[in-house]
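Working notes, structure below.
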Amino acid sequence: METFTVDESSFRNAKLRRALLIAYKAFADLAGKGSLFVITVAAARRLSPGAFGVFSIGATLGWLVAVATDFGIQLHLARAVARRPADAAALLRTWLRVRVWMAAVAVAMVGIGAGIAPGAPWRAAYGAPVTVFAVMYAGSSLIEFLHYFYRGLSRSDVESSLILWQRGGTLVCGLLALAWKPDVTVLAIAMLLPVAVTLAVSLRIALRLSGSDLGLVLSDPAAVAGPKDPAYRTFLRDVFPIGAGIVLSALYFRIDVFLVQLWSGTESVALYNAVFRLVEALRLFPAAVLAVTLPSLVRARDLRPLLQVSAPATVFAVIATVVLWLTAGWVIPLVYGAHYAAAVPAFRILLLSFPLLSLNYALTHQLIAWDGQRTYAALCGLALAVNVALNARLIPLLAIDGAAWSTLGTEVFLTMGCLAGIWVIGSRRSGAEVPGAEVLGAVPGARVPGAEVAL
């Protein structure tokens, strides 16, 4: 009886710790998004319209640099570390070196492009800030890469703390720069400083957790992505499909804005994008859940961990949908102004897709966790085709309401496809050994990095 009580207490403590980690991650993400929003509003007020345009271009280009230089590597790293925590050092050596070189090449291309762009006045005034923003976002993407390393070790608490320090520093430095001198180059440099400090600190933490040193990470030519598995083969087999799926997912998730512009006009884009951003912001909670629980999906032998992860995220989405549906007529004018009340019907339709968005967040992660990255990429490609076809039919008839219905239809398709893919892969895996499931006891006397906090 005493043993049962201890086990039950340990189980409850593990559930409590997981809940606290999810809450901490959600808070950190919300604070991080909020700090960038405040800087954007302050920049719009302090900078000239032309300078704020450069700020917007630099931020967009920097985001593209971050996405292009990652291309699925960080999610692959989290999955690999969760499976083989004992190989964390080798995995970090391999993929960090790849990411550093990819980021350096991307920044160099942006710098060269900004230097040779047509129009000498443009180059003189804005070439430097655009390049600095590219460096800042490249550094942020490396920090995000290390965040996924922590997720693989079940150390999302480290990630959350670093997000709070980085975004807090960015907020302070950005506002001070704008107050001192409303110049886009000064703002870019100010926002770069916290990124550089956070990257140095995070790199030191990651190396300590993995038992590596910086010289070995950057110079060791023998590092591989796994036993007898060169990194380039791993990239083609495992990483590239994840990256392709992420790009296709981003396209089907945001392409409706361009299609609304094409078939309904700029004012409709403003209305639709405003309410879509609110629904997009709601994804912070399911994202926090997946950040904390990803290792459990990777090591899962059946669907029980997926149910434990997807249930709270979906229940939260259903509750949020009901509350916001009932209050939409008051919330939208309050947030955006009375003019945006015309977008309330589209907002309510988009809310119907939010529970599926949250569920699909868990389903797609389970697909990738079980080596279904090719299925994931194929489904994202088909979802893009479905989304474009639905928008082409519905936007000319219903304007932004049609775009909202298209989003809902696309999420229904993706849910059905993911469930089918997981069922097929799960059937093949039934009774099979899950890589890394036995790692805590495989090596007598060995210490697994991060095992002391594994959930």
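The values are calculated or read from the model by the stated rules, or taken from the named source; none is laboratory data. This structure is a prediction, so every number in the text was calculated from the model and none was measured. In this analysis, Cβ positions are derived from the backbone assuming ideal geometry, glycine residues included, and neighbour counts consider all displayed protein chains.
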Worksheet item: Applying the selection to region 26-48, what residues are touching a residue at least 40 places away in the same chain (Cβ under 8 Å) and in contact with a Phe, Trp or Tyr (Cβ under 6 Å, 6 or more places away or on another chain)?
Response: 26, 43
Practice prompt. Return yes or no: is residue 17 modelled with pLDDT under 80 and outside the structural domain of residue 313 (by TED's automatic domain parsing)?
Written response: yes
Fill in: First in region 364-377 and in a loop (DSSP other than H, G, I, E, B), second anywhere and surrounded by fewer than 24 Cβ atoms within 10 Å (Cβ to Cβ), Cβ under 7 Å, 6 or more apart
370/425; 370/429; 372/421; 372/425
Worksheet entry | Every residue from region 266-287 that is more than 18 Å from residue 406 (Cα to Cα) and either assigned by TED's automatic domain parsing to the domain that holds residue 147 or among the charged types (D, E, K, R) (or both) | 267, 283
Discussion item. Looking at region 8-25, I want the residues that are more than 15 Å from residue 154 (Cβ to Cβ) and have a partner that is modelled with pLDDT of 70 or more and surrounded by 10 or more Cβ atoms within 10 Å (Cβ to Cβ) with Cβ atoms under 9 Å, at least 6 apart or on another chain. Which pairs are those?
Written reply: 23/288
Item to complete: Within region 383-392, identify whether any single residue is buried (at least 23 other Cβ atoms within 10 Å of the Cβ) and under 17 Å from residue 272 (Cβ atoms), and answer yes or no.
Response: yes
Worksheet item: Restricting region 241-257 to residues that are aliphatic (A, V, I, L, M) and under 16 Å from the mean Cα position of the chain (by Cα), which is farthest from residue 392 (Cα to Cα)?
Response: 242
Discussion item. Being exposed (fewer than 15 other Cβ atoms within 10 Å of the Cβ), in a helix (DSSP H, G or I) and over 28 Å from the mean Cα position of the chain (by Cα) is the filter here; which residues of region 326-341 pass it?
Written reply: 326, 327, 329, 330, 334, 338, 339
Item to complete: Report yes if some residue within region 354-370 is over 17 Å from the mean Cα position of the chain (by Cα), more than 16 Å from residue 411 (Cα to Cα) and buried (at least 17 other Cβ atoms within 10 Å of the Cβ); otherwise report no.
Response: yes
Discussion item. When you check residue 340 against the structure, is it modelled with pLDDT under 95 and over 18 Å from residue 414 (Cβ atoms), yes or no?
Written reply: yes
Discussion item. Quick check on my filter: what residues within region 298-325 are assigned to a loop (DSSP other than H, G, I, E, B) and not basic (Lys, Arg)?
Written reply: 300, 302, 303
Discussion item. Kindly evaluate residue 379 against the criterion of being farther than 26 Å from residue 298 by Cβ, in the same structural domain as residue 237 (by TED's automatic domain parsing) and either crowded, with 20+ Cβ neighbours inside 10 Å or not basic (Lys, Arg) (or both).
Written reply: no
Worksheet item: Considering 68, 78, 88, which residue is more than 30 Å from residue 180 (Cα to Cα), touching a Ser or Thr at 6+ places or on another chain (Cβ under 6 Å) and part of a helix (DSSP H, G or I)?
Response: 88
Worksheet, complete the sentence: Taking region 151-188 and keeping only residues that are surrounded by fewer than 18 Cβ atoms within 10 Å (Cβ to Cβ) and either of a type outside the set (D, E, K, R) or under 25 Å from the mean Cα position of the chain (by Cα) (or both), one is left with 157, 161, 164, 165, 168, 172, 176, 179, 180, 182, 186
Worksheet item: For residue 296, are the conditions met, namely being in contact (Cβ under 8 Å) with a residue 40 or more places away in the chain, more than 25 Å from residue 360 (Cα to Cα) and not basic (Lys, Arg)?
Response: no
